[in-house]
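See structure below.
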Amino acid sequence: MIKISALSHGLGGKEVLKDVNLSVPEGTIMGIVGVNGAGKSTLLRLLSGVYFADEGKIEIDGASVEKEKTRKNIFFLPDDPYFTHTTTIKSILSMYMPHYNIDMDRYNRLMELFSLDDKAPIRNFSKGMRRQAYIAIALAIRPKYLFLDESFDGLDPLARCTVRDELAAMADEHGSTIIISSHSLNELESFCDKYAVIDNKSISSSGDISERINKYCKFMLGFANGFSEEIFGSLPVISIKSSGKFVNAVFDGEASEIEKILLGLSPTVIEQLPIDFEEIFINEVSKEAKK
């Protein structure tokens, strides 16, 4: 289990994270989301022991992440890993071999699946191929705690599907805890159990993704004589988008109860629409920004 308590950290004299508190249960796949510069990458570096926090603490399985013994159970894959002119996938794997028990069967299978030559210089690979190579190594290492920073960036749809399946299998089969940051919120929604939103330097919300989505509902309504936002009265409206006589509205509440109230407004058209995690995130961050 990961426990972050009263964590604050700055870079270059600028405060990046402030009073961050978060618990991540063992075996969880958690998505970290936030706008550019919110502190996602910094948080992952603190979790992996690349940075040591200015204030607060991070405990993994009850021990400080600053202890070398704790960090042996962690593998961190940054957004843009460093490599030299002659670096190959095989040379990177050799660098990790003394520190981790690597599943060579999985490694070889992924090399074949991604059609990668592990003896070729990585400098000749496309961005997507380099990403596949590093992810293959991370999956073959099978760490107890795996932290991935924007690891879907540059992957084609087939590779994305493969990586999602492999991460889910690693969590199910080995009980690994996986934390991944991404700008693709719909991607995270498809396979993550939990989420945490970083906003205004701290965790603004966190929890179960499916529960969060079910907390909201979205309806399209049509009115013969047009409408004004005042008709929604005290309804818990999160966002409204109108076009002529039609309006799409997101509400914070149980769909059946909201629908009963909306029917009382005598719309000519009413239809419940699906809502996804990305839309919820955009609405919540926009709402906070207006405060």
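The values are calculated or read from the model by the stated rules, or taken from the named source; none is laboratory data. As the structure is a prediction and not an experimental result, all values here were calculated from the model. Quick reminder, even Gly has a Cβ in these numbers, built from the backbone with ideal geometry, and neighbours come from all protein chains shown. What goes into the accessible areas is simple: the full protein's heavy atoms, side chains included, and nothing from ligands, DNA or RNA. Shrake-Rupley method; radii C 1.70, N 1.55, O 1.52, S 1.80 Å.
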With +1 at each Lys and Arg Cβ and -1 at each Asp and Glu Cβ, the charge dipole magnitude of the chain around its Cα centre, to the nearest 20 debye, comes out at 780
Contour minus Cα-Cα distance for Lys67 and Ala120 (0.36 nm per residue): 15.5 nm
Taking only Cα atoms of segment 171-217, what ratio of Rg to Rh do you get with Rh as the Kirkwood inverse-distance radius? 0.99
Which of the DSSP-defined H helices in the chain satisfy a minimum axial length of 15 Å, computed from C-alpha atoms, and a minimum mean Kyte-Doolittle hydropathy of -1.0? 127-141, 157-174, 277-289
Suppose all protein chains stay in the model; what accessible area per residue would a 1.4 Å probe give for segment 113-173, in Å²? 40
For every other residue with a beta carbon closer than 15 angstrom to the beta carbon of Phe125, add +1 if it is Lys or Arg and -1 if Asp or Glu, then tell me the sum. +1
Solvent-accessible area per residue for segment 176-291 at a 1.4 Å probe radius, Å²? 52
Once the dipole of segment 135-255 is set up from charges on Cβ (+1 Lys and Arg, -1 Asp and Glu), the residue from the list Gly154, Ile240, Ile135 lying farthest towards its positive end is Ile240
Heavy-atom accessible surface of the chain: percent carbon and sulfur, 1.4 Å: 48
Can you bin every Cα-Cα distance in the chain into 5 Å intervals starting at zero and give me the percent of pairs per bin, rounded to whole numbers? 1, 5, 11, 14, 15, 13, 12, 9, 7, 5, 4, 3, 1, 0, 0
Normalise the Cα radius of gyration of segment 20-67 by 2.2 N^0.38 Å (N = residues in it) and let me know the number. 1.18
Write down, largest first, the equivalent ellipsoid semi-axes of segment 92-144 in whole Å, where each equals the square root of 5 times an eigenvalue of the alpha-carbon gyration tensor. 18, 12, 10
Rounded to whole Å, sorted largest first: equivalent-ellipsoid semi-axes of segment 128-186, Cα gyration tensor: 18, 12, 11
Please work out the C-alpha center-to-center distance from segment 101-167 to segment 1-58 and express it in whole Å. 25
May I have the count of lysine pairs in segment 59-166 with C-alpha atoms under 22 Å apart, counting pairs 8 or more residues apart or located on different chains? 7
For segment 209-291, take N as its residue count and report Rg(C-alpha) divided by 2.2 N^0.38 Å. 1.07
Descending packing, highest mean Cβ count within 10 Å first, for 36-48, 230-242 is 36-48, 230-242
Distance from the Cα centre of segment 229-247 to that of segment 72-87, in angstrom? 48
I'd like to check one number: the per residue accessible area of segment 1-91, probe 1.4 Å, reported in Å² as a whole number. 51
Excluding Phe191 itself, what net charge comes from residues whose Cβ is under 9 Å from its Cβ, given Lys and Arg +1 and Asp and Glu -1? -3
Antiparallel DSSP bridges in the chain: what percent, to the nearest 5? 70
For segment 1-153, just the Cα atoms, rotate onto the principal axes and tell me the three extents in Å, largest first. 45, 29, 23
P(r) of segment 97-206 over all Cα-Cα pairs, 10 Å bins starting at 0, rounded to whole percent, reads 13, 44, 32, 10, 1
Going by average Cβ neighbours within 10 Å, how do the peptides 1-9, 260-268 rank, with the highest at the top? 1-9, 260-268
Net charge of Cβ neighbours under 11 Å - reference Tyr100; Lys, Arg +1; Asp, Glu -1: +2
Summing -39500 (n - 2.57) over the DSSP H runs of n ≥ 4 in the chain and dividing by its residue number, what mean residue ellipticity at 222 nm do you reach, to the nearest 500 deg cm²/dmol? -9500 deg cm²/dmol
Can you classify segment 68-120 as rounded, prolate or oblate using the Cα gyration tensor, where a ≥ b ≥ c are the square roots of its eigenvalues, rounded means a/c under 1.5, and otherwise it's prolate if a/b beats b/c and oblate if not? oblate
